[in-house]
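Nothing in this text is a laboratory measurement; each read-out follows from the coordinates by a stated rule. Values in this document were obtained by computation on a predicted structure and should not be read as measured data. No Cβ is skipped: glycine too gets one built from the backbone with ideal geometry, and neighbour counts run over all protein chains shown.
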Ligand code: HEC
Ligand code: HEC
Ligand code: HEC
């Protein structure tokens, strides 16, 4: 009764529906909101690479510097690069965007992975730290499952791909800033912006067998640039 074509079609639709179901479940289980940088406090402390250095980066104040007080201050065409989370769900009521290129512009809406860190499995504020010591990979997984994105691992396939959402390498690029012709030198830009640190997961990865690497591929760097040596850490 079912000719090859029909079976193919039915199978196709099943595969398609299962995929879209998985997709919508994923998104539904997030309901994640953008918290803004103040939600990233544990990364922003003194002596902390991302936090201290971030404040010196042009990403951190580009809205104040380039848009604030101009007719373009709330222009979506500018905010997509000089701001964050335009048109997305933002925790603070009434906000339509976040100024500047904040952490979540690249790492995804933070409310859900913040909950994991603050109160993993409802076991209080030390539970995540304990998990990180006991099972670093699982600690990474639960954060990724809660929406944390790191380009080159579980987000855009390469870090460069993420940068090119707001930067360009060619003056004639259609997706470029109308106010400047300066093009990105990726290698240089990566060096300036790189803020990886050597954490518990990295130590585990170094000792992993090739079989385990395969098994945990979803949690490991795919972009080669993420295997390049880290910057020396700044002392407090
Ligand atoms: C595709 C992303 C993107 C969009 C869209 C965008 N910008 Fe930019 N803009 C950038 C980047 C990246 C730079 C910095 C380039 C550099 O210094 O290498 C920049 C630089 C600037 C500068 C500094 C120029 C200079 O003289 O150095 C101003 C001012 C500016 N943007 C305003 C705007 C305004 C206003 C809009 C909206 C009309 C806008 N931008 C849209 C990404 C963007
Ligand atoms: C422009 C995009 C971008 C912004 C903005 C950004 N990050 Fe990152 N972040 C990345 C990328 C890409 C990586 C991995 C490679 C690297 O460090 O460049 C990363 C790595 C990290 C890591 C290390 C992960 C690891 O496994 O070593 C932490 C922690 C982190 N970011 C926190 C932050 C915090 C906190 C902020 C805000 C203060 C922030 N990031 C802002 C893109 C960004
Ligand atoms: C959401 C948009 C956005 C993303 C994504 C983004 N940038 Fe930027 N970046 C900007 C804007 C806007 C500026 C301009 C800041 C200014 O001059 O006001 C900028 C400026 C910079 C600068 C300072 C200019 C310079 O050459 O010194 C560096 C470095 C940089 N970005 C690196 C990166 C890297 C590396 C990535 C990818 C990991 C990245 N950016 C991703 C928007 C973005």
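Relative protection proxy for 174-183, 123-132, from highest mean packing down: 123-132, 174-183 (other beta-carbon atoms within 10 angstrom). So, in Å, what gap is there between the alpha-carbon centers of region 77-114 and region 180-212? Value for the Cα centre distance between the two parts: 23 Å. Computed over region 139-236, the P(r) curve from all C-alpha pair distances, binned at 10 Å from the origin, holds 13, 39, 30, 15, 4 percent per bin.
Considered as an equivalent ellipsoid built on the Cα gyration tensor, region 32-103 has semi-axes of 22, 16, 8 Å, the largest given first.
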